[in-house]
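Data first, discussion second: the structure below is written as structure tokens.
The values are calculated or read from the model by the stated rules, or taken from the named source; none is laboratory data. Keep in mind that what you see is a predicted model, and the values were worked out from it rather than measured. Methodologically, a virtual Cβ is constructed for each residue, glycine included, from the backbone with ideal geometry; neighbour enumeration extends over all protein chains shown.
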Amino acid sequence: MKKYPLVFFFIFSMGIFSSCKKEGTGGMATIAAFPKHHETPVKGATVYVKFGAKEFPGKNFSDYDLAVKGATSEEHIHIENLKWGDYYLYAVGYDSTIFKEVRGGLAIKIKRSEREEEMDAQIHVTEEN
């Protein structure tokens with residue numbers, strides 16, 4: 001008879017922990033992404049976000065979970081309402097000083113302790129040959 005409360009507690013605990021998903025939208029963290037080409041800000045870039053990624057997921061934009069377009073007057077892009085976890089940011093923009101598209105990315109981790117804060121992310125981009 002004592003086994004049943006223990007089994008119920010185990011099943012209840014598994015349900016609670018499995019519903020606490022990390023990565024994705026629905027949280028309170030914000031990343032302020034700053035795409036830069038040789039220290040020159042790239043205004044109006046788009047940042048593609050892959051949830052749960054620690055490495056470059058590739059250049060196929062359909063493989064990403066979120067795309068955030070920056071304003072042409074701003075040097076950064078706010079990626080809002082994120083949960084804690086791992087993300088890969090891939091920025092694509094246009095450098096008007098060299099008249100070329102520039103791209104680059106980086107992996108970033110939002111820690112549980114940072115899940116209600118704004119973090120800065122410098123994304124170094126470069127032109128492709």
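Structure above, values below:
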| read-out | value |
| --- | --- |
| Number of the exception - I77 against (1) of a type in the set (V, I, T); (2) within 16 Å of the chain's Cα centre (by Cα); (3) at pLDDT below 95 | (3) |
| In the stretch 36-55, the residues that are in a loop (DSSP other than H, G, I, E, B) and either touching a Leu at 6+ places or on another chain (Cβ under 9 Å) or farther than 20 Å from Q122 by Cβ (or both) | G52 |
| One residue from F51, F56 being modelled with pLDDT of 95 or more and within 30 Å of S96 (Cβ to Cβ) | F56 |
| Count of the stretch 101-126 residues which are at pLDDT 95 or above, surrounded by 15 or more Cβ atoms within 10 Å (Cβ to Cβ) and more than 12 Å from the chain's Cα centre (by Cα) | 5 |
| 2 or more residues out of contact with any helix residue (DSSP H, G or I) (no Cβ under 8 Å at 6 or more places or on another chain), free of Cβ contacts under 8 Å to residues at least 60 places away in the same chain and under 25 Å from T25 (Cα atoms): qualifying strands (runs of 3 or more DSSP E) within the stretch 84-129 | 85-95, 100-110 |
